[in-house]
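Worksheet: the structure to be examined is printed underneath.
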Amino acid sequence: MGYNEEYQAARENPEAYWAEQANRIDWFTKPETILEKTANGTYSWYADGELNSCYLALDRHLEDRGDQVALYYDSPATDSKQQITYKELHERVALYAGGLKRLGIEKGDTVVIYMPMIPEAAVAMLACARLGAVHSVVFGGFAPNELAIRIDDAKPKLILTASCGIEFEKKIAYKPLVDKAIDLATHKPDHTIVCQRSVLQAEMTEGRDLDWYEFQQGAEPADCVPVKGNDPLYILYTSGTTGAPKGIVRDNGGHAVALNYALHNVYGMNAGDVWWGASDIGWVVGHSFIVYGPLMGGCSAIFFEGKPIRNPDAGTFWRVIDEYGVNSMFCAPTAFRAIRKEDPEGELSKKYDLSSLNWVFVAGEKLDSSTYHWLDELLQVPVIDHWWQTETGWPMTAPMMGWDSPSAARLGSTNKPIPGYDIQVVDGDGQPVEANEAGNIVVTLPMPPGVAWDIWNQPQRFTDSYLTAFPGYYHTGDGGFKDEDGYVYITGRTDDVINVSGHRLSTGEMEEVVSSHAAVAECAVIGVNDSLKGQIPVGLIVLKAGEEVDEKELEAELVQMVRDQVGALACFRRAVVVQRLPKTRSGKILRAILRKIAANEEYKMPSTIDDESILGEITDMMEQAGMIPA
Ligand code: AMP
């Protein structure tokens, strides 16, 4: 098997290629229809196949690997560990699903999961999948307002949560956040099911709130409900360019085929191997490569609740690799930057045996060359940068493992397109550009299985967001270029999405909060480079005429507002008062130019600019505020 042959085969006959890949997973009914184009220009894979994602992750392994560890729960944050075998996890999930069923949860119902990294969270996801219910995991760092927006959109029958999460050494009480979100939301779920953690007990509301373990007592373990290949498995909200998050919808069939393919061919994992996706179930990586992917592949997956530089120190990652014999791990570069900051020489790694490790995969944000070199030298294993998004659910570029001709890494590149992804770089008019020329990164339609084709309740928004700007292509929202050998280089977003510690956030959402302050006439929130977090948001504020405020006080108020309404994960810590913002003649703020100024990149004077002199003025102010790198 060679990369070129595989790539060509997928390109020339996607149906045949992905029909063959579909044979590698277990279906209750094999699909006859492989790929279909829908009326609104999207696609669906394996529409008439029948399967169950929980069956693939658990039941299917009972005979061969029932006693193998499915999840290693490791929580330095609470000083606890658990080893859960496939058999045990299956029992827990079937019973929990039985409890949900008794509460009336059926195929197609939605359930919101707002939980920390405890095994119950994986049980919850898999139990929903078992019943054909659609889960929507919301990252525990989101504030009640953000959770409420997602509750109103997903309209869940239930919310599954825990009494608290742990952020560094601090307990964050989740239950009051969920209560507040339910108060704020128009839609009211029937029940909240609460996992009481020993470190903090939540107060319960009689009738509405149910205890995690009591509610399932005496329930009949539930069987797997067959679902169609293109039935939804989950909704995962991600930041778009406008304020409202987008509920990305993942199907069951394409997802299972793609994860199986990626686990073996991208990550080089086989059944029995130990895999560590060092992320959180609140993000797409957590769905694909903490829970579903490794379990479907029969691996033992690490379920880690902690921080890379704490409990007790920046050697935590190395300790986990040693303790469980991790064969391969995945992480955002920001975690390694944090470790390096604490332990620049990597001294702590020397205490551990890291010989089990074959590869380190990084994605989610740009891998800077200095972090790459540091890791490469320290670990002496290939450090592999690869690129994907919430929407795709699995990687679009990566070297392929175990094939005759894996593509060697090139510094700065996220490698070559994976079979199924025909990645092009086009100019603003949708015309392909030359090699090494920067442009918009797009993917020729149709895209391979696993990629989302819908936004929950808003199919038209999917088309508008992804398929309209460049007809015939999926618009990734990323900018970059390809070199003459087809290696892809991602330079960053071309829209108002920023990437803070590998977390994707909408500046529009933050602008909505900032502009609601009484003293603010208008504002632009832009991402500026940060050596640790990749990017951090900074607000440029224009005050209402006649407002006299202490700028430091205003900044503190705005910081608190964003923290309360978006969440601490936004890392919004700076707001700078400016006289005016650059705009087009029609009054639109030129955010793209502001981004370029902040990144110290060259820009062309836009022909539509209202007043050119503002750019010099704003550059000076941003320089004075220390927002522009040298
Ligand atoms: P998310 O949907 O939260 O996974 O974020 C996806 C975005 O993260 C992409 O659109 C890119 O902007 C960025 N991203 C992901 N992987 C990489 C990578 N390897 N290098 C640079 N940027 C990346």
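The values are calculated or read from the model by the stated rules, or taken from the named source; none is laboratory data. It should be emphasised that the depicted structure is a prediction, and the values quoted were computed from it without experimental measurement. Here Cβ is always computed from backbone atoms with ideal geometry, including for glycine, and neighbour counts include all displayed protein chains. For the accessible areas, the whole protein counts, side chains as well, though only heavy atoms, and no ligand, DNA or RNA atoms are used. Shrake-Rupley method; radii C 1.70, N 1.55, O 1.52, S 1.80 Å.
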For segment 396-424, pairs from a residue that is more than 23 Å from Ala22 (Cα to Cα) to a residue that is more than 15 Å from the ligand (Cβ to nearest atom) and outside any loop (DSSP other than H, G, I, E, B), with Cβ under 6 Å and 6 or more apart or across chains, are Ser405/Tyr3; Gln424/Pro432
I'm told Val112 meets every condition in (1) under 28 Å from Ala570 (Cβ atoms); (2) surrounded by fewer than 24 Cβ atoms within 10 Å (Cβ to Cβ) except one. Can you identify the failing condition by its number?
(2)
I'd like to verify a number: residues in segment 475-521 that are in contact with a Leu (Cβ under 6 Å, 6 or more places away or on another chain) and within 12 Å of the ligand (Cβ to nearest atom), how many?
2
Kindly list the number of the only condition in (1) open to solvent by 10 Å² or more (accessible area, probe 1.4 Å); (2) under 26 Å from Thr78 (Cα atoms) that fails for His191.
(2)
Give the residue that is surrounded by the fewest Cβ atoms within 10 Å (Cβ to Cβ), with candidates limited to residues of segment 350-364 that are touching a helix residue (DSSP H, G or I) at 6+ places or on another chain (Cβ under 6 Å) and of a type outside the set (A, V, I, L, M).
Asp353
Between residues in segment 282-296 that are in the same structural domain as Arg60 (by TED's automatic domain parsing) and part of a helix (DSSP H, G or I) and residues that are open to solvent by 10 Å² or more (accessible area, probe 1.4 Å) and within 11 Å of the ligand (Cβ to nearest atom), which pairs lie under 6 Å by C-beta distance while being six or more apart or on different chains?
Val284/Thr390; Val285/Ser279; Gly286/Ser279
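Give Val433, Val425 a once-over and let me know the one that is more than 25 Å from Val383 (Cα to Cα) and within 16 Å of the ligand (Cβ to nearest atom).
Values: Val433 fails: within 16 Å of the ligand (Cβ to nearest atom).
It is Val425.
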Which one of the conditions (1) at pLDDT 95 or above; (2) open to solvent by 10 Å² or more (accessible area, probe 1.4 Å); (3) within 16 Å of the ligand (Cβ to nearest atom) does Arg337 fail to meet, given that it meets all the rest?
(1)
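So, of the residues in segment 354-392 that are of a type in the set (Val, Ile, Thr) and within 15 Å of the ligand (Cβ to nearest atom), which turns out to be farthest from Gly534 (Cα to Cα)?
So in segment 354-392, the residues of a type in the set (Val, Ile, Thr) come out as 360, 362, 371, 381, 383-384, 390, 392.
Add one more test, that the residue is within 15 Å of the ligand (Cβ to nearest atom), and what stays is 360, 362, 371, 383-384, 390, 392.
Values: Val360: 19, Val362: 14, Thr371: 12, Val383: 18, Ile384: 18, Thr390: 18, Thr392: 22 Å.
Ranking the qualifying residues of segment 354-392, first place goes to Thr392.
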All but one of (1) more than 15 Å from the chain's Cα centre (by Cα); (2) closer than 30 Å to Pro76 by Cβ hold for Gly108, so report the exception by its number.
(2)
Among the listed residues Val320, Val360, Val326, identify the single one that is within 25 Å of Asn265 (Cα to Cα) and touching an Asp or Glu at 6+ places or on another chain (Cβ under 7 Å).
Val320
Can you name every one of the helices (runs of 4 or more DSSP H) wholly within segment 529-628 that holds 3 or more residues which are open to solvent by less than 80 Å² (accessible area, probe 1.4 Å) and not hydrophobic (A, V, I, L, M, F, W, C)?
591-598, 613-624
Restricting attention to segment 2-17, does a residue exist that is outside any helix (DSSP H, G or I), modelled with pLDDT of 95 or more, in contact with an Asp or Glu (Cβ under 8 Å, 6 or more places away or on another chain) and not small (Gly, Ala, Ser)?
no
Flag for Pro449 being away from the ligand (no atom under 15 Å from the Cβ) and farther than 30 Å from Phe336 by Cα
yes
Where Ser80 falls short, out of the listed (1) free of Cβ contacts under 8 Å to residues at least 12 places away in the same chain; (2) among the small types (Gly, Ala, Ser); (3) closer than 26 Å to Pro31 by Cα
(3)
Positions within segment 205-243 being open to solvent by 20 Å² or more (accessible area, probe 1.4 Å) and polar (S, T, N, Q), in sequence order:
Thr205, Gln217, Asn230, Thr241, Thr242
So, in segment 18-37, exactly how many residues are part of a helix (DSSP H, G or I) and either without any contact (Cβ under 8 Å) to a residue 24 or more places away in the chain or basic (Lys, Arg) (or both)?
2
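Can you tell me how many residues within segment 393-418 are open to solvent by less than 50 Å² (accessible area, probe 1.4 Å) and either acidic (Asp, Glu) or within 12 Å of the ligand (Cβ to nearest atom) (or both)? First the steps, then the outcome.
Within segment 393-418, the subset open to solvent by less than 50 Å² (accessible area, probe 1.4 Å) is 393-401, 403, 407, 412-418.
When the remaining residues are screened for being either acidic (Asp, Glu) or within 12 Å of the ligand (Cβ to nearest atom) (or both), the result is 393-398, 412-415.
Selection size over segment 393-418: 10.
Evaluate segment 201-217: report whether one residue or more is in contact with a Pro (Cβ under 6 Å, 6 or more places away or on another chain), hydrophobic (A, V, I, L, M, F, W, C) and modelled with pLDDT of 95 or more. So that I can check it myself, show each step before the final result.
To start, the set of residues in segment 201-217 that are in contact with a Pro (Cβ under 6 Å, 6 or more places away or on another chain) comprises none.
There is no residue in segment 201-217 that is in contact with a Pro (Cβ under 6 Å, 6 or more places away or on another chain), hydrophobic (A, V, I, L, M, F, W, C) and modelled with pLDDT of 95 or more.
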Scanning segment 273-290 residue by residue, those away from the ligand (no atom under 16 Å from the Cβ) and crowded, with 23+ Cβ neighbours inside 10 Å turn out to be Trp275, Trp276
What number of residues within segment 510-522 are open to solvent by less than 10 Å² (accessible area, probe 1.4 Å) and in contact with a Gly (Cβ under 6 Å, 6 or more places away or on another chain)?
1
Listed by first then second residue, the pairs whose first member lies in segment 98-116 and is at pLDDT 95 or above, whose partner is polar (S, T, N, Q) and open to solvent by 10 Å² or more (accessible area, probe 1.4 Å), with beta carbons under 7 Å and at least 6 positions apart or on separate chains, are Gly98/Gln216; Gly99/Gln216
Could you please let me know if Ala19 is within 30 Å of Thr468 (Cα to Cα), open to solvent by 20 Å² or more (accessible area, probe 1.4 Å) and in contact with a Pro (Cβ under 9 Å, 6 or more places away or on another chain)?
yes
Just give me the residues in segment 473-508 being among the charged types (D, E, K, R) and either open to solvent by 20 Å² or more (accessible area, probe 1.4 Å) or free of Cβ contacts under 8 Å to residues at least 12 places away in the same chain (or both), in sequence order.
Lys482, Glu484, Asp485, Arg493, Asp495, Asp496, Arg504
